[in-house]
Amino acid sequence: MNYKISRRAASLAPSLTLVIDSKAKQMKAEGIDVVGFGAGEPDFDTPQHIKDAAIKAINEGFTKYTPSSGTPDLRQAIADKFKRENGLTYKPSQIIVSSGGKHSCFNVIAATCEAGDEVIIPAPYWLSYPEMVKLAEATPVIIHTSDKTEFKVTPQQLRDAITPRTRLFILNSPSNPTGSVYTREEIKALGDVCVEKGVLIMSDEIYEHLLYDGATHTSVASFSPKHFEHTIIVHGFAKAWSMTGWRLGFLAAPEPIAKAIDAVQSHSTSNPTSFAQKGGVAAMNGPQDHLKPWLAEFARRRAYAHEKFNSIPGISCVNAKGAFYLFPNISKLGLSSMEFSAKLLEQEKVAVVPGVAFGADDYIRISYATSLENIKKGLDRIEKFAKELAK
Ligand SMILES: *Cc1c(COP(=O)(O)O)cnc(C)c1O
């Protein structure tokens, strides 16, 4: 049987981060001593009060369909969060709860982009953005950046990339994969360009709470009513509450866009899992004191890894100010990021993600969402690997 796969689906490659993560897990299951730096999720447990709320919801029979865009209490709790933490006033009708932040991104692109539209994506980018744009039959337009500018695009680069076909600019600060964080002034300057040119911004703020060295987060929506009108914020519970497996994310959008997304979602996934949403309410409205020790632990690991990378001949690494990734430059070692990662896994049993997956072949991505002990072991192996390559 010759199965025909649609052009849209056939143009996609499976998420390389998930592929590498599962390969490392499989090697581990076979008893091989693998150090995994591939994970895109915190290694901490979901806080207990959040689990309790979901368990209670199940026990009370909260196991049926909910409104497709989320329960009223969760949408209200999210609107309250935007008011409290970001100074943004959204009506609950402007909040859509989805099955993960990834699903929220997908919905935004599906509801706003079509064939002929261009979507501007700074590289290194989160690897799903361009694939989602292609699924919508729109065209990704990549702006390349490097470690020399801490992986940040300038307003001039953005201006130069905008054409009459530009529909969306994707901003992700703090960034996956680089951990880079734009300053308030830098965010405003990019927002100003989009407002002037009438370009929508999809602002992926899922790492908002994971910041180091005094870095702060400002939502691009918060600068003026015009900025607010031009912005769709994507967010979720996965990272700051360590709820990756719960599949719960959300977005905040201008009313007409929220309505369109509601329609898309109502015909695809319908509501996100009912009892997961009760966990979401507890996450939003409950204590946030789990974060401080997590951040302290992440900061300790980041400091160690950053210093160690820069001590390895042939590797250089700018320090990240957010998220839980480092993005060291390995280009001096003479291998493509794919060859580097494949050989490293094979020879030294260390799993990293090649930068090419994020549109930047000179780098690899390391997640430090793993114990300091693992980080030390893994980086010693990378050091040995790099020294042999340099011979
Ligand atoms: C993890 C992540 C998300 C969302 O993940 P979900 O598990 O779908 O909630 C969105 N954007 C970026 C950049 C991420 O790293």
> charged (D, E, K, R), surrounded by fewer than 22 Cβ atoms within 10 Å (Cβ to Cβ), away from the ligand (no atom under 15 Å from the Cβ) and under 23 Å from residue 241 (Cα atoms), is that true of residue 56?
Replying inline: yes
Here the residues within the range 1-26 that are of a type in the set (D, E, K, R) and open to solvent by less than 70 Å² (accessible area, probe 1.4 Å) are 21
Pairs returned, first residue in the range 116-129 that is among the charged types (D, E, K, R), second residue that is more than 12 Å from the ligand (Cβ to nearest atom) and open to solvent by less than 20 Å² (accessible area, probe 1.4 Å), beta-carbon separation under 7 angstrom, 6 or more apart or interchain, are 117/138; 118/138; 118/166
*asked:* Tell me yes or no: at least one residue of the range 43-52 is open to solvent by less than 30 Å² (accessible area, probe 1.4 Å), under 26 Å from residue 343 (Cα atoms) and touching a residue at least 24 places away in the same chain (Cβ under 8 Å).
replied: no
Filtering strands (runs of 3 or more DSSP E) wholly in the range 190-257 for at least 2 residues that are within 21 Å of residue 158 (Cα to Cα) gives 200-204, 231-236
Considering the range 228-241, residues that are open to solvent by less than 10 Å² (accessible area, probe 1.4 Å) and within 13 Å of the chain's Cα centre (by Cα), and then whichever is nearest to the ligand (Cβ to nearest atom), we arrive at 236
Taking the range 317-329 and keeping only residues that are within 16 Å of residue 387 (Cα to Cα) and either open to solvent by 50 Å² or more (accessible area, probe 1.4 Å) or without any contact (Cβ under 8 Å) to a residue 40 or more places away in the chain (or both), one is left with 328
Output for Cβ contacts, cut-off 7 Å, separation at least six or different chains, first residue under 27 Å from residue 90 (Cα atoms) in the range 56-79, second of a type in the set (S, T, N, Q) and open to solvent by 70 Å² or more (accessible area, probe 1.4 Å), reads 77/285
Of the residues in the range 258-294 that are assigned to a helix (DSSP H, G or I) and in contact with a strand residue (DSSP E or B) (Cβ under 8 Å, 6 or more places away or on another chain), the one that is most open to solvent (accessible area, probe 1.4 Å) is 262
Looking for something within 16 Å of residue 42 (Cα to Cα) and touching a helix residue (DSSP H, G or I) at 6+ places or on another chain (Cβ under 7 Å) - is there at least one such residue anywhere in the range 285-294? no
Residue hits (the range 359-391; open to solvent by 50 Å² or more (accessible area, probe 1.4 Å) and part of a loop (DSSP other than H, G, I, E, B)) are 361, 362, 391
Exception for residue 100 within (1) within 30 Å of residue 353 (Cβ to Cβ); (2) touching a Phe, Trp or Tyr at 6+ places or on another chain (Cβ under 7 Å) falls at (2)
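The values are calculated or read from the model by the stated rules, or taken from the named source; none is laboratory data. In this text the structure is predicted, and so the values were computed from the model without any measurement. Cβ coordinates were reconstructed from backbone atoms using ideal geometry, including for glycine residues, and neighbour counts include every protein chain displayed. Heads up: the accessible areas ignore ligands, DNA and RNA and are worked out on the full protein's heavy atoms, side chains in. Shrake-Rupley method; radii C 1.70, N 1.55, O 1.52, S 1.80 Å.
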